[in-house]
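K.L.:
Here it is, the structure, as structure tokens.
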Amino acid sequence: MATAKDSFFIAAADDARPPRDWTETVVAERGEVLLNQAVNAEYRHLVVRCGPVAAKAVAGQFFQLLCPHPEGEQPFLRRPMSLYGVDPAKSEVEFLYKVTGAGTRGLALIAPGDRLDIMGPLGKGFDLDPGLRHIVAVGRGAGLATLAPLAKAARANGTRVTAIFSARRPDLLVSVDLFRGHGAEVITVTDSQGTSGPAHVERILRGLIADGRAEAFFTCGSSRLMRVQQRLAREFAIAGQVAMEQQMACGLGLCFCCVRDFHVGGEIVHRRVCWDGPVFDLMEALP
Amino acid sequence: MATAKDSFFIAAADDARPPRDWTETVVAERGEVLLNQAVNAEYRHLVVRCGPVAAKAVAGQFFQLLCPHPEGEQPFLRRPMSLYGVDPAKSEVEFLYKVTGAGTRGLALIAPGDRLDIMGPLGKGFDLDPGLRHIVAVGRGAGLATLAPLAKAARANGTRVTAIFSARRPDLLVSVDLFRGHGAEVITVTDSQGTSGPAHVERILRGLIADGRAEAFFTCGSSRLMRVQQRLAREFAIAGQVAMEQQMACGLGLCFCCVRDFHVGGEIVHRRVCWDGPVFDLMEALP
Amino acid sequence: MTVDLAVGIGGLRLANPVMPASGTFAEGLDKAVDFDRLGAFVTKTITRELRTGNPLPRVVERPGGLINSIGIPSKGVPYFLAHTLPYYGRFRPPLVVSISAPTAEGFASLAAELTRPGIAAIEANISCPNIEEDGKAFAMRAASTEAVVRQLRAATSLPLWVKLTPNTGDLPEVARAAEAAGADALVVANTILAMAIDLQTFRPSLGSVMGGLSGPAVKPIVLRQVFQCAQAVDIPVIGCGGISTAEDAIEYLLAGASAVQVGTATFVQPAAMTTIIDGIGRFCEKRDIARVADLIGAVVTEEADQPDLAWVAPAE
Amino acid sequence: MTVDLAVGIGGLRLANPVMPASGTFAEGLDKAVDFDRLGAFVTKTITRELRTGNPLPRVVERPGGLINSIGIPSKGVPYFLAHTLPYYGRFRPPLVVSISAPTAEGFASLAAELTRPGIAAIEANISCPNIEEDGKAFAMRAASTEAVVRQLRAATSLPLWVKLTPNTGDLPEVARAAEAAGADALVVANTILAMAIDLQTFRPSLGSVMGGLSGPAVKPIVLRQVFQCAQAVDIPVIGCGGISTAEDAIEYLLAGASAVQVGTATFVQPAAMTTIIDGIGRFCEKRDIARVADLIGAVVTEEADQPDLAWVAPAE
Ligand SMILES: Cc1cc2nc3c(=O)[nH]c(=O)nc-3n(C[C@H](O)[C@H](O)[C@H](O)COP(=O)(O)OP(=O)(O)OC[C@H]3O[C@@H](n4cnc5c(N)ncnc54)[C@H](O)[C@@H]3O)c2cc1C
Ligand SMILES: Cc1cc2nc3c(=O)[nH]c(=O)nc-3n(C[C@H](O)[C@H](O)[C@H](O)COP(=O)(O)OP(=O)(O)OC[C@H]3O[C@@H](n4cnc5c(N)ncnc54)[C@H](O)[C@@H]3O)c2cc1C
Ligand SMILES: Cc1cc2nc3c(=O)[nH]c(=O)nc-3n(C[C@H](O)[C@H](O)[C@H](O)COP(=O)(O)O)c2cc1C
Ligand SMILES: Cc1cc2nc3c(=O)[nH]c(=O)nc-3n(C[C@H](O)[C@H](O)[C@H](O)COP(=O)(O)O)c2cc1C
Ligand code: FES
Ligand code: FES
């Protein structure tokens, strides 16, 4: 049967080579959940104890969470969630998530003390030049989660942050205090107050540019606002980075399901959001 | 496409007939778990609040339990469990189970207050002639669970029960007090004491027959002991019933996976344990 | 709004599109389900000869499904006519009788014998070995399908449903062959040949080594097959494979099924069929769909991009 | 006891029987897995021409698996030779390169071009449409399989693995055809063609309508196919379909696989492959099995009863 030819071997593998010096930089581990509570009608805050590899996560990176199965549903794949906070000293990572479907419904069921399988850190985070003095962070929805650790890192660099937060209603704005705690100035705009339209945000941004407070744009969560920043970035030659989303399977660049179009050197190219991003050059991103 | 011929219909169904007077006699319902605790190193006692249909269960019948999934395992089918007790007044059914695999591992995780989907009552229970004065119940392992409600029903009829309980070790004997509470006399035999062999049990049974205390045999859980009783039943023309087990899928006689061979009128025939049984005539059963 | 649940299967009107799958339904289910609510009855496959069925174990569960090798325990035709037929006569839904035989002629003569009042349609389970050819199931190939269906068609005036096997690589061709030979409807599909091995004993988990996989695990595969068949033929297709919820049933209707059969789900939830009927009604109501028949084949593929199925076998 | 994990695949020795499945493995996994522990590397299928792959969405999850229609985004051969090949040269495991082409000649010339140091074997993914015939995948039929494998065999001196499709009804014939034409090993199998429909939009869940099902849901089906192929041929069979645990891998070995490929499981647990390797070792140790190769084809079927597969399509 199948083993007929096994009698002689070509040793294709050089087993004599010394073992490489390899250490893992992405782990999937069952961390203890320390907190999992609603922060408003839409978002929940999750804190998980993790090991040293996960605790090396930086702003803009993400984790893939293996969500428990809610009754009658079987989310099969992991769910990507941006790093919302990390404390290497305490070995904790934080997430901010919205319940939208089976996976996040399952997440919402976890109680402190339960274990959650988190995999990360994944992807390319923000590239934060320590020489920057003033940056602008523009976020909407879960995008604020992604920008929160950026504000913290900027502060550590001595970079000042002006954050523009967009939401449907004032009560759905999250993390405002967190950003202020990180020393950021926060400007909030909302649909219900009629302040979140691109024209109004553009006026605010032009003001910040005029004040010399926009040496770079960092944005996440709204392609409308991204386009505004792209226009201004081109007009004023301002650098920028954007964190993108796309449906994911592997999170490690293996499967090519998370590709998006990017505009690079006059060409449209596919990039894997999980591997080449999720943070991309603002000027290359397409909505 | 597929509906090309739909324009004219032959009315094959006589929709004008008046609705039948139908009520369900088997239900699958999510009952509240009232108790789920270990009674010894092997068995756990489960009590579930149920509705009026399930509360009509009688001795020898069984339920199919939809077991929760333990971590990393996915029992797909329901698991059959004999009725261990029923209280129509309190609307409660009881089970006694041993953790043997994925399904029962899942069962063991349930806490009081949780819901468990129970389906039943199923199968044909014991046929207990109220005219009997003295019967013998012989059980081993989970077979004791099956015989417990029989002891109770016998008492209600004024029938006296002598129960022979077999187990590997004395500490694994369950329900002895329950049976005594139902007025039964209990004789225990165990492997560790060397008292559970067929020869020894046969001596006990011959003694009971001689004393006029064995007008019928009821047995469950040991084919060795079943064979002893078949021999004695033939020798002394004693009636008997045996509750059998077989791996099951549907529990309702639909799938024919639970068949066993029975010896009926000189022929070997297949019977569905879930539907034709689980209680069968002692003389027809084959081990 | 009251939703019109009726569907037509080749001239036979069903009060709703939900019926049992052959071999997963019998009298016992009457304890848990009001039979008068079903779209139709479908019997376990019967054969002319008496059979005991396969060796045990006959079922093994897997995540999301089960593999079975029940075989066809059959008490033969006289028993069927004396007991089963009158039993179902008491209820409203039409009775569909599933039949099998080892030869095309055997199929035809059994169908002829069953062409009688009380039987609304014949379901020919041609996923069984054709002993006149190489033992391959009739439904594995278009030619053997056409041959057996042609003989069946000549033998009975009853609506003729032909149940196909999902194990063939030529499903659309087989479907077209059945249609060409006179089938009134197709049932897509039977179980998918599968296997499991016990790691304690190193033996197959089933007494007969291989068996048929059914249940939720097969749904995406059989749904694709129903879609392909509905594209290939003009006769109604009845979807069957892994349907457990109303959503599953609706997915099949959208893919082109005119009705659905529910099998394994009944083992887990005995009232699965009536729960599905209720759920389909609610879905239509919520979406203002007046007739469930409007869902049939309503999947929108026109604007879908052209696939680059370079490493997946294409549709045909 | 130290268990000997090595297996041989047609003259190629693997340190252990576990390797990735094509299209589910790339450089990025190095972050989570020590590549030197793997039995082999298998690349994503490459083509000669540049390709962007299929429209989005490319993946939809189902209970117990996922359907994908990634297609073959390919940067072409020069990129592969300049970047991918040297990258894997740094590691111990042999590199298997998966290739595809729309014609038999295209397959052959690509294989010839890749016959060079650093490549230990060619895996021909013949589950892709044959544009010279009716667009059916080569692996759907024995004749087209034989034709493409023969040309491949003439084009390369490297070990030639041929990856079959599970969508054919003629798997044992196709396997024998590949063997006859000179394949050194078979990979059984690619994904199973499947579909899902979004009930909100009534559109297919995948941009390309249909896609391939993989993951635990397919395991019982592909396990059966591996068993059938291992019975049909004398060359080694590599099992691939739904393997997530060491137990799954051992089931495949028992059924006749000489090695296994792990795909979708890596998406859920990135360290799945090394966990499986460790688990196989522990299983053998506990059972006093000295060589994992002793598990290959060790399923005990001799005493199994003869099946009455009357309503399940038989083995062949
Ligand atoms: C890099 C990255 C970082 C993210 N960070 C956060 C975060 O910090 N907080 C947060 O609440 N959400 C975040 N998301 C989105 C989050 O992953 C999805 O909301 C989640 O996967 C939905 O899963 P579900 O099972 O609850 O819903 P599903 O039932 O899977 O989907 C519900 C809806 O969400 C859409 N969706 C599903 N998966 C994704 C996805 N990966 N990206 C975008 N939309 C999706 C579906 O198309 C559907 O419309 C992030 C996504 C990515 C790719
Ligand atoms: C009518 C009937 C009544 C029963 N009553 C009781 C009871 O009161 N208490 C109790 O503890 N057990 C009872 N059983 C047995 C119980 O159903 C099985 O132990 C249970 O299904 C095992 O499920 P599992 O998932 O834990 O183990 P699995 O992993 O499914 O199996 C563990 C072992 O049990 C065997 N097994 C699996 N299913 C059955 C089955 N249906 N019958 C017999 N063996 C099986 C398997 O072959 C395996 O060896 C009864 C069985 C039947 C048929
Ligand atoms: C236990 C069992 C017995 C079956 N017996 C038959 C049969 O006799 N005839 C037949 O055509 N199909 C038979 N089938 C197949 C079913 O009718 C159906 O095609 C298949 O199970 C897929 O549907 P499901 O996933 O809803 O179960 C049987 C299936 C099961 C699970
Ligand atoms: C996202 C994805 C991409 C794949 N790409 C390829 C491919 O390029 N070539 C190929 O031969 N198989 C490809 N496959 C199929 C796998 O190699 C494997 O045959 C299949 O997924 C079954 O194994 P699994 O259940 O372990 O995933 C792909 C599978 C997936 C899930
Ligand atoms: S999610 Fe797999 S490549 Fe990005
Ligand atoms: S379990 Fe289905 S017939 Fe008995």
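K.L.:
Specify which of the listed residues (D:Thr145, D:Thr165) is within 11 Å of chain C (Cβ to nearest Cβ), more than 16 Å from ligand 1 (Cβ to nearest atom), at pLDDT 95 or above and closer than 28 Å to D:Arg224 by Cβ. Before the answer, list the steps.
P.N.:
Working: D:Thr145 fails: within 11 Å of chain C (Cβ to nearest Cβ).
Exactly one of D:Thr145, D:Thr165 is within 11 Å of chain C (Cβ to nearest Cβ), more than 16 Å from ligand 1 (Cβ to nearest atom), at pLDDT 95 or above and closer than 28 Å to D:Arg224 by Cβ, namely D:Thr165.
K.L.:
Which residues, taken from region D:55-89, are open to solvent by less than 40 Å² (accessible area, probe 1.4 Å), within 12 Å of chain C (Cβ to nearest Cβ) and in a strand (DSSP E or B)?
P.N.:
D:Val60, D:Gly65, D:Leu66, D:Ile67, D:Asn68, D:Ser74
K.L.:
Being modelled with pLDDT of 95 or more and among the small types (Gly, Ala, Ser) narrows it down to one of A:Gly106, A:Gly143, so name that one. It would help to see each step written out before you state the result.
P.N.:
Numbers: A:Gly143 fails: modelled with pLDDT of 95 or more.
Going through A:Gly106, A:Gly143 in turn, the sole match is A:Gly106.
K.L.:
Something else: Of all residues in region C:120-130, which are open to solvent by 10 Å² or more (accessible area, probe 1.4 Å) and of a type in the set (A, V, I, L, M, F, W, C)?
P.N.:
Matches in region C:120-130: C:Ala120 only.
K.L.:
Could you check D:Val222 against (1) surrounded by 24 or more Cβ atoms within 10 Å (Cβ to Cβ); (2) touching an Asp or Glu at 6+ places or on another chain (Cβ under 6 Å) and say which number it fails?
P.N.:
(2)
K.L.:
Does A:Gly120 count as in a loop (DSSP other than H, G, I, E, B) and either surrounded by fewer than 23 Cβ atoms within 10 Å (Cβ to Cβ) or more than 16 Å from ligand 4 (Cβ to nearest atom) (or both)?
P.N.:
On the way: in a loop (DSSP other than H, G, I, E, B): no; either surrounded by fewer than 23 Cβ atoms within 10 Å (Cβ to Cβ) or more than 16 Å from ligand 4 (Cβ to nearest atom) (or both): yes.
So A:Gly120 does not fit the description; no.
K.L.:
Sort out which residues of region A:214-226 are open to solvent by 40 Å² or more (accessible area, probe 1.4 Å) and either at pLDDT below 95 or closer than 14 Å to A:Gly143 by Cβ (or both), and write them in order of number.
P.N.:
So the first thing to find is which residues in region A:214-226 are open to solvent by 40 Å² or more (accessible area, probe 1.4 Å), and the list is A:215, A:221, A:223-224.
A:Gly221, A:Ser223, A:Arg224 - these are the residues of region A:214-226 that are open to solvent by 40 Å² or more (accessible area, probe 1.4 Å) and either at pLDDT below 95 or closer than 14 Å to A:Gly143 by Cβ (or both).
K.L.:
Next question. Can you tell me which of (1) buried (at least 22 other Cβ atoms within 10 Å of the Cβ); (2) at the interface with chain A (Cβ under 7 Å from one of its Cβ atoms); (3) among the polar types (S, T, N, Q) is the one D:Thr52 doesn't meet?
P.N.:
(1)
K.L.:
If a residue has to be open to solvent by 10 Å² or more (accessible area, probe 1.4 Å) and under 21 Å from D:Ala137 (Cβ atoms) to count, how many in region C:137-165 make the cut?
P.N.:
3
K.L.:
Test each condition in (1) more than 16 Å from ligand 4 (Cβ to nearest atom); (2) at pLDDT 95 or above; (3) open to solvent by 30 Å² or more (accessible area, probe 1.4 Å) for C:Glu133 and report the one that comes out false.
P.N.:
If we test C:Glu133 against (1) more than 16 Å from ligand 4 (Cβ to nearest atom); (2) at pLDDT 95 or above; (3) open to solvent by 30 Å² or more (accessible area, probe 1.4 Å), just (2) comes out false.
K.L.:
If you don't mind, there's one more thing I want to ask. Of the residues D:Ala271, D:Ala180, D:Ala194, D:Ala232, which single one is in contact (Cβ under 8 Å) with a residue 12 or more places away in the chain, surrounded by 24 or more Cβ atoms within 10 Å (Cβ to Cβ) and of a type in the set (Gly, Ala, Ser)?
P.N.:
Numbers: D:Ala271 fails: surrounded by 24 or more Cβ atoms within 10 Å (Cβ to Cβ); D:Ala180 fails: surrounded by 24 or more Cβ atoms within 10 Å (Cβ to Cβ); D:Ala232 fails: surrounded by 24 or more Cβ atoms within 10 Å (Cβ to Cβ).
Selected residue: D:Ala194, the only one of D:Ala271, D:Ala180, D:Ala194, D:Ala232 that is in contact (Cβ under 8 Å) with a residue 12 or more places away in the chain, surrounded by 24 or more Cβ atoms within 10 Å (Cβ to Cβ) and of a type in the set (Gly, Ala, Ser).
K.L.:
Looking at this structure, is D:Thr201 facing another protein chain (nearest Cβ under 9 Å), surrounded by fewer than 22 Cβ atoms within 10 Å (Cβ to Cβ), free of Cβ contacts under 8 Å to residues at least 40 places away in the same chain and closer than 19 Å to C:Phe227 by Cβ?
P.N.:
On the way: facing another protein chain (nearest Cβ under 9 Å): yes; surrounded by fewer than 22 Cβ atoms within 10 Å (Cβ to Cβ): yes; free of Cβ contacts under 8 Å to residues at least 40 places away in the same chain: yes; closer than 19 Å to C:Phe227 by Cβ: yes.
In short, yes.
K.L.:
Residue check, A:Thr162 against (1) surrounded by fewer than 23 Cβ atoms within 10 Å (Cβ to Cβ); (2) in contact with an Asp or Glu (Cβ under 8 Å, 6 or more places away or on another chain); (3) farther than 14 Å from A:Thr219 by Cβ, all met but one. Which one?
P.N.:
(3)
K.L.:
Suppose the filter is open to solvent by less than 20 Å² (accessible area, probe 1.4 Å), away from ligand 4 (no atom under 15 Å from the Cβ), over 19 Å from D:Pro129 (Cα atoms) and of a type outside the set (Val, Ile, Thr); does D:Pro93 pass it? Before the answer, list the steps.
P.N.:
On the way: open to solvent by less than 20 Å² (accessible area, probe 1.4 Å): yes; away from ligand 4 (no atom under 15 Å from the Cβ): yes; over 19 Å from D:Pro129 (Cα atoms): yes; of a type outside the set (Val, Ile, Thr): yes.
Yes: the conditions hold for D:Pro93.
K.L.:
Something else about it: Output the residues belonging to region A:44-67 that are open to solvent by 10 Å² or more (accessible area, probe 1.4 Å), of a type outside the set (A, V, I, L, M, F, W, C) and not in a loop (DSSP other than H, G, I, E, B).
P.N.:
Listed by number, the residues that qualify are A:Arg44, A:His45, A:Arg49, A:Lys56.
K.L.:
Considering only residues that are away from ligand 2 (no atom under 12 Å from the Cβ), more than 8 Å from chain C (Cβ to nearest Cβ) and either acidic (Asp, Glu) or touching a strand residue (DSSP E or B) at 6+ places or on another chain (Cβ under 6 Å) (or both), which ones fall in region B:243-272?
P.N.:
B:Asp261, B:Phe262, B:Glu267, B:Ile268, B:Val269, B:Arg271 - these are the residues of region B:243-272 that are away from ligand 2 (no atom under 12 Å from the Cβ), more than 8 Å from chain C (Cβ to nearest Cβ) and either acidic (Asp, Glu) or touching a strand residue (DSSP E or B) at 6+ places or on another chain (Cβ under 6 Å) (or both).
One line per residue, one yes/no per condition, for (1) more than 16 Å from ligand 3 (Cβ to nearest atom); (2) under 19 Å from the mean Cα position of the chain (by Cα); (3) within 14 Å of chain D (Cβ to nearest Cβ); (4) open to solvent by 50 Å² or more (accessible area, probe 1.4 Å):
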position: A:Ala102; (1), (2), (3), (4): yes, no, yes, no
position: A:Arg133; (1), (2), (3), (4): yes, no, no, yes
position: A:Leu147; (1), (2), (3), (4): yes, yes, no, no
position: A:Leu173; (1), (2), (3), (4): yes, yes, no, no
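The values are calculated or read from the model by the stated rules, or taken from the named source; none is laboratory data. Every value quoted in this text rests on a predicted model; they were computed, and no experiment measured them. Reconstructed Cβ throughout: ideal geometry from the backbone, glycine too, with neighbour counts over all protein chains shown. Quick note on the areas: whole protein, heavy atoms, side chains included, nothing else; ligands and nucleic acids left out. Shrake-Rupley method; radii C 1.70, N 1.55, O 1.52, S 1.80 Å.
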